[in-house]
Amino acid sequence: MSAMVAARAAILKKLGAGTGVSGGAAPSELIPRDYIRRGSLDPDARVAKMIERLREYDAEVTECTPDGLAAEIAAQLARSGRKTFVVPSRLPPEWLAAGYNWKIDGDLATEEVESCDGVLTGCFCGVADSGTIVLHHSAAQGRRLISLLPDWHLCVLRASQIVETLPEYFDRCIQIPALVTWISGPSATADIEMTRIKGVHGPRFLNVIVVKEQGPGTRD
Amino acid sequence: MSHGQQPILDPVLAPPFPQAALPMLRDSQLRKNVAHATDVIQAKRARLVAEKPDWQALRSAAARIKDEALENLGAYLEQFEEQCTARGGVVHWAADAAEARAIILGILREENASEVIKIKTMTSAEIQLNPHLDAAGVKVFETDLAEIILQLGELEPSHIVAPALHVNRSQVREIFARTMGLSDLTDDPHALTAAARHYLRRKFLEVPTAISGANFLIAETGAVAIVESEGNGRMCLTLPRTLITLAGIEKVVPRYSDLEVMLQVLARSATGERMNPYTSLWTGVTPGDGPTRFHVVLLDNGRSAIRLSERERQTLRCIRCGACMNACPVYRQTGGHAYGSIYPGPIGAILTPQLTGLKHAQSLPFASSLCGVCYEVCPVKINIPEILIDLRAQVTDQERGKAARFFDPMYLGMRVANLLFSRAWLFHAAQWKARIVLRIFTRKDGWIHSLPGIGAKWTQTRDLRGLPKQPFHSWWKQRKQASR
């Protein structure tokens, strides 16, 4: 232990700890931020870009209206041919279509999650520019392992949750989250001759339902 | 690969670059594999960079964010430690590789760990962690597909992002079929990937201890972020009871929102994707979600010394994307093993010698044509050519005092040249003599293909243009006389 305390002191001494950061002007103001922070697309084009970018990285995307969401979820479940699904503790009950085994997570054992055929979650945000879905692992998005172990991930993304640029996502983080997973398409590798293979250890299938706003031009 | 001998990736033991590069240059399969892989990544990167109108602004911001962190590194590390500790993490400090290995082994002993799963981490390769753990009786399972290929095939990494890019599909098939006992495995990448998934699934679910590296440490919150593609990282970060993260001290960035820049430049530069499939961020320990014990080992191992010079400090901005090696005309010919370090390519050529305090790998700063493409593609704007030149000067200064240098044929030649170039009449006389002597070696095509003795050092790897019948200054004189 004392060796480590010595290492800490030695490293910090070499780095001249304490210089600059504390007390001085906010250093973040020194960063040139003339990169694109805000998107320029109208809401429909933003949603269209999100869908296009999701598809480009092998995610399957369908669209529906808020009223049609429960039916669309049921249709996706039926089409998947899967039976047992894990869900986070706080999903709207109408999402859990009848006729399937629903395992409500809280503290399910790892093996129990592993035995599920799929997972259904909400999300915090979608970033159109890169086709990225962001999970903060709240009660509607679930613990990290439930969107990891099952082979099929169905994710509900509302149009109001879609931002165009990555900086716009960071602007939406009023509170800095403790856990985040940025998901861009299903698990993949290109380690063998740079051939992109979909599905290694994470879910091999990522399906996204984009819920469009009711009226035209409705903003969040 | 085909030459049974393993490359040495330890800068202390590795031969100088020109010597190490020779067997690589003769291995046509390896060169084909490297050329194919780097071509593919470069094309994808170029397309995605072109679609970003603000690419140069992002590079400038990324460079400045890293600079800000490096200028105030001690303070940001202390802030990271404080925040991470407050959220239930345990922060350790290691001055060198031996200390880091001892800390990690100590934690594994406390955990009674006989097995450990690992996410690809270059820093752990830098401190040669795997052989150390093996020797201590802890079985290490690499989980990144490329790392599995290397571990099972007992091969060495040749690239920092795609460490097995020098291995092709039939070579992977051979390794997997032999070590996993799958005799009817085909060389279809889908089948090979599925074999890896099956091979590791139980390990992910059962091994309670994991080791990871880090892409970013967030000083503001004490969080750690890791980018990956396959989900093996998420497995290691989520399922085990205990997680140990090894991170170089230069990985820290000031704020959470700095990721809005770093994540935009990293994946585009590394794999030519808008975003890599998975990026994970966690903060200390979260009750009910993920490991209940979390350790971070902050590693110096030569970094704090690199920071002292303002020019060389740029080296520590590196976010390990590998774009410089994909673009480098030298790396693309030799592959990674010639660099004698786990950090190959242009960044390796400046990082490796500096990490050893310039005591080893002194040939690496010379392993470059200084064409500048590495600087151009670098997402954090490291002026690699500038640092290469400065390190060359430092290496030369180092040698200046050596007695052996006095008799070294190269330096002897330099001194003679120095004398000749300083007096016009001596220069002309030498030129006249050289023309007579070199004529013997000049072939009909006007080129010299081989020279004896010390001259062979040049003609071994390149041809030399024969001296012209008439030197420029005599032609000039003649011309002036004629026009008079």
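The values are calculated or read from the model by the stated rules, or taken from the named source; none is laboratory data. Keep in mind that what you see is a predicted model, and the values were worked out from it rather than measured. Virtual Cβ from ideal backbone geometry, glycine too; neighbours counted across all protein chains shown.
What to note about this one:
- Consider segment A:165-182 and keep the residues that are touching a helix residue (DSSP H, G or I) at 6+ places or on another chain (Cβ under 8 Å) and not in a loop (DSSP other than H, G, I, E, B). The one that is nearest to residue B:280 (Cα to Cα) is A:181.
- Within the set A:164, A:168, A:213, the sole residue that is farther than 30 Å from residue B:196 by Cβ and surrounded by fewer than 18 Cβ atoms within 10 Å (Cβ to Cβ) turns out to be A:213.
- Residues being more than 10 Å from every other protein chain (Cβ to nearest Cβ), more than 30 Å from residue A:57 (Cβ to Cβ) and in a loop (DSSP other than H, G, I, E, B) - total across segment B:288-300: 1
- If the condition is being polar (S, T, N, Q) and away from chain A (no Cβ under 14 Å), then segment B:107-144 contributes B:112, B:114, B:121, B:123, B:124, B:128, B:130.
- Residue satisfying condition, being more than 24 Å from residue A:189 (Cα to Cα), buried (at least 24 other Cβ atoms within 10 Å of the Cβ) and among the small types (Gly, Ala, Ser), within set B:210, B:223: B:223
- Test: residue in segment A:187-195 that is assigned to a loop (DSSP other than H, G, I, E, B) and more than 7 Å from every other protein chain (Cβ to nearest Cβ): no
- Looking only at segment B:437-472, and only at residues there that are under 41 Å from the mean Cα position of the chain (by Cα) and β-branched (Val, Ile, Thr), the one that is surrounded by the most Cβ atoms within 10 Å (Cβ to Cβ): B:448
- Screening segment B:94-140 for residues that are polar (S, T, N, Q) and within 21 Å of the chain's Cα centre (by Cα) and picking the one that is nearest to residue B:343 (Cα to Cα) gives B:123.
- Flag for residue B:86 being under 24 Å from residue B:221 (Cα atoms) and under 25 Å from the mean Cα position of the chain (by Cα): no
Conditions (1) closer than 23 Å to residue B:380 by Cα; (2) out of contact with any Gly (no Cβ under 6 Å at 6 or more places or on another chain); (3) modelled with pLDDT under 95; (4) assigned to a helix (DSSP H, G or I), marked per residue:
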{"position": "B:52", "(1), (2), (3), (4)": "yes, yes, no, no"}
{"position": "B:56", "(1), (2), (3), (4)": "yes, yes, no, yes"}
{"position": "B:65", "(1), (2), (3), (4)": "yes, yes, no, yes"}
{"position": "B:99", "(1), (2), (3), (4)": "no, yes, no, yes"}
{"position": "B:117", "(1), (2), (3), (4)": "no, yes, no, no"}
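- Exactly one residue out of B:164, B:135, B:177 is among the small types (Gly, Ala, Ser) and crowded, with 19+ Cβ neighbours inside 10 Å, and it is B:164.
- Leading residue by the ranking (nearest to residue B:273 (Cα to Cα)) among those in segment B:226-236 that are among the aliphatic types (A, V, I, L, M) and more than 8 Å from chain A (Cβ to nearest Cβ): B:227
- Boolean, residue B:229 is surrounded by 21 or more Cβ atoms within 10 Å (Cβ to Cβ), in contact (Cβ under 8 Å) with a residue 40 or more places away in the chain, of a type in the set (Ser, Thr, Tyr) and within 24 Å of residue B:69 (Cα to Cα): no
- In segment B:160-218, the residue that is farthest from the other protein chains (Cβ to nearest Cβ) out of those that are among the basic types (Lys, Arg) and more than 30 Å from residue A:109 (Cα to Cα) is B:178.
- For segment A:83-95, residues that are under 15 Å from residue A:116 (Cα atoms) and out of contact with any Leu (no Cβ under 8 Å at 6 or more places or on another chain) total 3.
- Test: residue in segment A:140-159 that is acidic (Asp, Glu), crowded, with 20+ Cβ neighbours inside 10 Å and either within 14 Å of chain B (Cβ to nearest Cβ) or in contact with a strand residue (DSSP E or B) (Cβ under 8 Å, 6 or more places away or on another chain) (or both): no
- Which listed residue is within 14 Å of chain A (Cβ to nearest Cβ) and more than 20 Å from the chain's Cα centre (by Cα), from B:283, B:271: B:283
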